[in-house]
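The values are calculated or read from the model by the stated rules, or taken from the named source; none is laboratory data. For clarity, every value in this text was computed on a predicted model and none was experimentally measured. Positions of Cβ are backbone-derived with ideal geometry, glycine not excepted, and every protein chain shown enters the neighbour counts.
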Amino acid sequence: MQQTALINTAIIMLDIDVTEKDDILTAMAKKLIYEGYAKEGYLQAVLNREKEYPTGLPTNGVGVAIPHAEIKYVLKPGIAVATLRNPVKFNVMGNPDEQVDVKLIFMLAIKDPNVQISILKKLVSIFQEEQLLVKLIDIKNEEEFADILNSIINEDTDR
């Protein structure tokens with residue numbers, strides 16, 4: 001009955017002050033690489049994928065993005081999360097000509113495609129709760145942030 005903590009404090013970045021999408025993507029990918037979640041090519045793969053398949057989502061309350069790369073770059077499963085002091089522009093998933101102001105980013109490093117689908121479903125359920133998104137943006141403590149998200153992600157996962 002061990003629960004998987006996909007989000008841990010080592011890969012959470014709160015209230016980050018950046019002005020460009022590539023700056024936060026680079027910082028998050030480097031953290032995943034440094035912490036042993038991803039291989040060296042992960043950063044470039046994320047940047048390339050974001051150009052071709054944008055991941056910005058216009059949600060109520062807080063714009064979010066879910067950048068990721070192919071599973072061949074993942075060493076162990078995890079989700080890096082960043083909250084931004086000021087929003088940055090991401091192109092919209094499914095509509096790359098549009099942009100969305102993003103303040104909450106979930107960078108996926110998942111090896112198993114089936115697990116990735118399950119995680120994406122759970123993230124979408126989080127994205128649909130405006131009050132939760134606003135609450136997450138205001139959290140300044142990595143442990144609290146990880147506890148809230150892991151409890152949501154682990155619901156029904158280990159049964």
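I'd like the full set of residues that are buried (at least 19 other Cβ atoms within 10 Å of the Cβ) and not in a helix (DSSP H, G or I), limited to region 15-54.
Listed by number, the residues that qualify are 37, 38, 54.
Among the residues that make up region 118-127, is at least one of them in contact (Cβ under 8 Å) with a residue 60 or more places away in the chain and closer than 24 Å to residue 86 by Cβ?
Within region 118-127 (the criterion being in contact (Cβ under 8 Å) with a residue 60 or more places away in the chain and closer than 24 Å to residue 86 by Cβ), the answer is yes, since at least one residue qualifies.
Quick check: anything in region 130-139 closer than 14 Å to residue 62 by Cα, charged (D, E, K, R) and under 13 Å from the mean Cα position of the chain (by Cα)?
no
For residue 69, are the conditions met, namely being more than 20 Å from residue 128 (Cα to Cα), surrounded by 23 or more Cβ atoms within 10 Å (Cβ to Cβ) and small (Gly, Ala, Ser)?
Here the answer is yes, as residue 69 does meet what is asked.
Condition (residue is touching a residue at least 60 places away in the same chain (Cβ under 8 Å), part of a strand (DSSP E or B) and crowded, with 20+ Cβ neighbours inside 10 Å) applied to region 93-101: is it met by at least one residue?
no
Residue 97 passes all but one of (1) closer than 25 Å to residue 35 by Cβ; (2) at pLDDT below 95; which number fails?
The one condition residue 97 does not meet is (1).
Suppose we filter 9, 59 for residues that are of a type in the set (S, T, N, Q), buried (at least 18 other Cβ atoms within 10 Å of the Cβ) and within 27 Å of residue 155 (Cβ to Cβ); which single one remains?
59
Of these, 46, 18, which one is touching a Phe, Trp or Tyr at 6+ places or on another chain (Cβ under 9 Å) and not polar (S, T, N, Q)?
46
Restricted to region 1-37, and to residues that are among the hydrophobic types (A, V, I, L, M, F, W, C) and modelled with pLDDT under 95, which residue is farthest from the chain's Cα centre (by Cα)?
Looking at the filtered set, the residue picked out is 1.
Would you check if there is a residue in region 69-83 being charged (D, E, K, R) and in a helix (DSSP H, G or I)?
Yes, region 69-83 contains at least one residue that is charged (D, E, K, R) and in a helix (DSSP H, G or I).
Any residue in region 8-19 that's on the phi < 0 side of the Ramachandran plot: show its pairings with residues that are in a loop (DSSP other than H, G, I, E, B) at Cβ separation under 7 Å, as long as the two are six or more apart or on different chains.
Taking only residues 6 or more apart or on different chains, the pairs are 10/35; 11/35; 11/37; 14/139; 14/140.
Sort through 40, 50 and tell me the only one that's within 16 Å of the chain's Cα centre (by Cα) and of a type in the set (Asp, Glu).
50
With respect to residue 70, determine if the residue is over 21 Å from residue 13 (Cα atoms) and either under 13 Å from the mean Cα position of the chain (by Cα) or without any contact (Cβ under 8 Å) to a residue 24 or more places away in the chain (or both).
No: the conditions fail for residue 70.
I'd like the full set of residues that are surrounded by 15 or more Cβ atoms within 10 Å (Cβ to Cβ), modelled with pLDDT of 90 or more and β-branched (Val, Ile, Thr), limited to region 127-159.
137, 139, 148
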